[in-house]
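Heads up, the thing below is written out as structure tokens.
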Amino acid sequence: MNANQAQPLRWVLVQTSHPGNVGSAARALKTMGFGDLRLIDPKIPGVAHEAEAIALASGAGDVLATCQESPSLESSVQECSLVLGLTSRDREFGPPALDWNAARLLVRAAIQGGQKVALLFGPERTGLDNQHLSLCTHRVWLDANPLYPSLNLAQAVMVCAYTLRETLSHKLTESDISVDLKDYADPAAVAAMLDHLKEGLESIGYLDPANPKKLMPRLQALFARSRLHKEEIDLLRGIAKQMLLKKSA
């Protein structure tokens, strides 16, 4: 698959520290037939042009050359109805959790249904944080040794790329997981709606900004489970708008 060709699957590395991991990830993607690599706020700006990244990419220099670097994670998940955050850590709040075997069937169903998908991989030292996961539709883990589940970033990309290549080579059957292919809102739109709703709740005194407790994380988890559609986002933003208008009246 040509790295310059528009692809439905985005591979998003968030705040990566080591140029070698970027290069190795690019090589893994090209080897398995993928190429849409996105770098979000890397620790070294322009990391794809670092000598170590180029050396470890080996023959995948085209994937590095066409990768997109951005300070905004939101921009990389826009228009994606399925956004999977790879992490081995449990969270009190956040999107629904899936193991990788179930997740890759979702990826296949989404892509075969004409949807765009993003896979997020976090910083090497800390992994994805709660803010990153707030832009995901699911939290996903790889089945590993529970006593030591940590994978090197490039290794994790290779495992996912290899197994997804295998999964995508087979068409869906009736026994596969069923996916509703309606017009889901992308996680960036959900996050913007939550910000708007937070302002509305503060304006009517329901949310105390000095003591917010866990209201917004709970709402975030609720909406992540419910998989909002675009028209539902518009409805909730309309409610938030009326809250704010009531305060200013």
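For the Cα atoms of the chain, what angle does the longest principal axis make with the long axis of helix 187-203, in degrees from 0 to 90, nearest 10?
Result, in degrees: 20.
If the elastic network links every pair of Cα atoms under 10 Å, which of GLN78, GLN115, GLN155 fluctuates the most in the Gaussian network model of the chain?
Its mean-square fluctuation being the largest, the pick is GLN155.
Hey, what angle do you get for helix 230-248 against the long axis of the chain, alpha-carbon based, 0 to 90 degrees rounded to 10?
The answer is roughly 40 degrees.
Which of [x] -0.81, -1.00, -1.20; [y] -0.68, -0.95, -1.28; [z] -0.72, -0.94, -1.16 is the computed log10 I(q)/I(0) by the Debye sum over Cα atoms at q = 0.12, 0.14, 0.16 Å⁻¹ for the structure on display?
Given [x] -0.81, -1.00, -1.20; [y] -0.68, -0.95, -1.28; [z] -0.72, -0.94, -1.16, the structure-derived one carries the label [z].
How about the stretch 112-162: which trypsin sites (Lys or Arg not before Pro) there are in a DSSP loop, with at most 10 other Cβ atoms within 10 Å of their Cβ? Display every interim value, and only then the final one.
On the way: sites: LYS116, ARG125, ARG139; in loops: ARG125.
Those that pass, being in a loop and sparsely packed, are ARG125.
Relative contact order for the chain: what is it in percent, counting Cα pairs under 8 Å that are at least 6 residues apart?
Values: 436 pairs, mean separation 54.2, N = 249.
Relative contact order of the chain: 22 percent.
Using a Gaussian network for the chain with springs between C-alpha atoms less than 10 Å apart, which of these wobbles most: ARG237, ARG27, ARG104?
ARG237
Keeping the other protein chains in place, figure out the carbon and sulfur percent of the accessible area of the stretch 49-110, with a 1.4 Å probe. Present the calculation step by step, with values, prior to reporting the outcome.
Values: 1390 of 2820 Å².
Ligands and nucleic acids excluded, carbon and sulfur give 49 percent.
Going highest first, how would you order 17-24, 41-48, 63-70, 240-247 by mean Cβ packing within 10 Å? Don't skip to the end; give the middle numbers.
Details: 17-24: 23.0, 41-48: 16.8, 63-70: 18.5, 240-247: 13.9.
Taking the mean over residues of other Cβ atoms within 10 Å, the ranking is 17-24, 63-70, 41-48, 240-247.
Just report the Cα centroid separation between the stretch 194-225 and the stretch 62-79, whole Å.
29 Å
Return one number: the angle in degrees, 0 to 90 and rounded to the nearest 10, between the long axis of the Cα atoms of helix 153-168 and the longest principal axis of the Cα atoms of the chain.
90 degrees
The values are calculated or read from the model by the stated rules, or taken from the named source; none is laboratory data. Keep in mind it's a predicted model, so treat the numbers as computed, not measured. Cβ coordinates were reconstructed from backbone atoms using ideal geometry, including for glycine residues, and neighbour counts include every protein chain displayed. Only protein heavy atoms, including side chains, enter the accessible area calculation; ligands, DNA and RNA are left aside. Shrake-Rupley method; radii C 1.70, N 1.55, O 1.52, S 1.80 Å.
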